[in-house]
Structures are given as C-alpha cells and as structure tokens.
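Okay, so here's the structure we're looking at.
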Amino acid sequence: MGSGLFGGLVMLALGGVDALLFGGSLTVYGVLFLPVCLLVALWVRPGDLLSAPVVVPIAFAVGLLPVAGGADRLGARLMGLVTALATQAGWLYAGTFLTAATVLVRGVRRATARRRTAHTARGPRPSRRAS
C-alpha cells in the first residue's frame, strides 16, 4: 500500500506541476512517469514486489487527472482522461515494463541471496564414497 500511495501522490503532484508549468503536456508527463516507476520498483518492500507493476498504471491514471483535457463537466473530464490514456499508452507500457524489469532483478537477487545463506547455514555436504 505504501508504494501505491507514494506513486499515486507523486504522479498527482507531477501532473499538477505539468499542468501549471507546461500547459498539460502529455509528453512531459510521460517522461516524468518513468523515474517515478523506477522509484516505486526500488522502494517497494521485498515481500510486495509483485504489487509494483500493478500499482504504477494506477498511479499513471491518477496523475493524468489534472493533465487530461476536458471542461469542468464530469463527462468531458472523463472523456479527456480516456483519450489521454489511449494516446499515451506507450509511456504507460514503458513505465510498467521498467517497473517489472526492476522488480524481476530485485526478486532474482533476493532469491539468490536466500539460497546462498541457506547453503551456508547447512554447511558443506559430506562426500559420498562409492562402495
């Protein structure tokens, strides 16, 4: 939950900054999304590694709220959000892939370290002689 909240709040803040400084540039928003994905993948607890690739697309959508075009009406805002999600799918896929790859590397390193400590704790195996 912590990494999801972190990602959502950071993307919402970056979406607001993008809307204020860059007029809601979706390219700027997509570029800012990639480091957030990396931070989420590095910050998530080892026991929750599999949640990170699920959390970042949600954070992407939350952050699009201030950036997506549309009038003040709910329907227009929703249509702007759906359009922005459709047109910016490349950034979404790239960020999700970056997160998944980082999580995979962390998981493999964690499993290797666990296997190494288990092997060290057992000690060397006695040799078997052929009789």
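Are there any pairs with C-beta distances below 7 angstrom linking a residue in region 1-22 that is closer than 14 Å to L38 by Cα to a residue that is open to solvent by less than 30 Å² (accessible area, probe 1.4 Å) and not in a helix (DSSP H, G or I), with the two at least 6 apart or on different chains, and if so which?
Between residues of region 1-22 that are closer than 14 Å to L38 by Cα and residues that are open to solvent by less than 30 Å² (accessible area, probe 1.4 Å) and not in a helix (DSSP H, G or I), the close pairs are S3/V44.
Given the criterion closer than 24 Å to L5 by Cβ and touching a helix residue (DSSP H, G or I) at 6+ places or on another chain (Cβ under 6 Å), identify the matching residue among Y29, Y93.
Result: Y29 is the single residue among Y29, Y93 that is closer than 24 Å to L5 by Cβ and touching a helix residue (DSSP H, G or I) at 6+ places or on another chain (Cβ under 6 Å).
Specify which of the listed residues (G2, G23, G30, G8) is of a type outside the set (S, T, N, Q) and either touching a His at 6+ places or on another chain (Cβ under 7 Å) or on the phi > 0 side of the Ramachandran plot (or both). Walk me through how you get there before you give the answer.
Numbers: G2 fails: either touching a His at 6+ places or on another chain (Cβ under 7 Å) or on the phi > 0 side of the Ramachandran plot (or both); G30 fails: either touching a His at 6+ places or on another chain (Cβ under 7 Å) or on the phi > 0 side of the Ramachandran plot (or both); G8 fails: either touching a His at 6+ places or on another chain (Cβ under 7 Å) or on the phi > 0 side of the Ramachandran plot (or both).
Unique residue meeting the criteria: G23.
Looking at region 108-123, is at least one residue in contact with a helix residue (DSSP H, G or I) (Cβ under 7 Å, 6 or more places away or on another chain), of a type in the set (V, I, T) and not in a loop (DSSP other than H, G, I, E, B)?
no
Quick one: which helices (runs of 4 or more DSSP H) lie wholly within region 1-78 and hold at least 3 residues that are within 17 Å of G90 (Cβ to Cβ) and open to solvent by 50 Å² or more (accessible area, probe 1.4 Å)? Give the steps one after another, and end with the answer.
Numbers: elements: 2-22, 26-43, 52-63.
It comes to 26-43.
The values are calculated or read from the model by the stated rules, or taken from the named source; none is laboratory data. Just so it is clear, the model here is predicted, and its values are computed rather than measured. Ideal geometry is used to build each Cβ from the backbone, glycine not excepted, and the neighbour counts take in all protein chains shown. Note: areas computed on protein heavy atoms with side chains; ligands, DNA, RNA excluded. Shrake-Rupley method; radii C 1.70, N 1.55, O 1.52, S 1.80 Å.
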